[in-house]
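Written below as structure tokens is the structure these notes are about.
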């Protein structure tokens, strides 16, 4: 049932969160701080990233792709609604439900079991909420774009899986980007992925503020616009190809 699946997902997320927290605690090896992050920040990082898995569909999202392969795309296109907005609306409901059922539950469990970091002011909370919403828009925009590969190939699953795996490493999901060499961090920031996970973590932990915070928000907005534009261009070309092939 849905309830059982939700509970199983929560248990799995929390279990792996504990494992990841243990790895980070061992990494500190008695040090009070690494790259500006305390051990409390590091533990909070594991909670935040585990809580974001379902909210941002970090591991998989093939809804648009499936609709193309099943033929449901033809009826979806007939709906009196922009195709991108149609999927955006559906994903917003999924993300909001995941945030309430899984995200908040995991963070509450972390707060009960650990001494975690929390935003220290109303301004920081507002900044976190804004960056969190923008991170979802960045995430959805690139997931939608990747799914459009289905218009050109009979099996785009491999392409999508590769894109998701790449995002895990470049977003700062496995480890805070601050822990990596500068050259790798710069490489990551040439992609939209750090603006999903890493941005949310750093704002929540209070590691960025002022101009740095403004730069993150502007970069998120820029990536959203760029990815949506790329998605619209790819969608138009894909629909044209579908019509030519008799889809």
In this structure, the FRET efficiency calculated for residue 187 and residue 78 from their beta-carbon separation, with R0 = 30 Å, to the nearest 0.05, is 0.10
Roughly how many whole Å is it from the C-alpha centroid of region 199-224 to that of region 118-133? 11 Å
Starting from the Kirkwood Rh over alpha-carbon pairs, what translational D in µm² s⁻¹ does region 1-154 have by Stokes-Einstein at 4 °C and 1.567 mPa s? 73 µm²/s
Please work out how much length the chain gains when fully extended from residue 111 to residue 18, using 0.36 nm per residue of separation minus the C-alpha to C-alpha distance, in nm with one decimal. 32.2 nm
Between 0 and 90°, nearest 10: helix 104-113 axis offset from the chain longest Cα axis: 20 degrees
For region 171-198 and region 1-55, what is the separation of their C-alpha centers, rounded to whole Å? 17 Å
Fewest-first ranking of 63, 33, using other Cβ atoms within 10 Å as the exposure measure: 33, 63
Here Rg/Rh (Cα, Kirkwood) for region 134-238 equals 1.01
Most to least packed among 72-83, 92-103 [average Cβ atoms within 10 Å]: 92-103, 72-83
Can you give the angle from 0 to 90° between the axis of helix 122-147 and the longest principal axis of the chain, with both taken from C-alpha atoms, to the nearest 10? 40 degrees
Gain upon complete extension [residue 29, residue 129; 0.36 nm per residue less C-alpha separation]: 32.7 nm
Label residue 104 and residue 230 with points 7 Å out from Cα along Cα→Cβ: what is the distance between them in nm? 3.4 nm
How far, in degrees from 0 to 90, does helix 2-28 lean away from the longest principal axis of the Cα atoms of the chain, to the nearest 10? 50 degrees
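All of the numbers you see were taken from the coordinates with simple rules; none came from a lab. Quick caveat, the model's predicted, so the values are computed rather than measured. We place every Cβ from the backbone using ideal geometry, glycine too, and count neighbours over all the protein chains shown.
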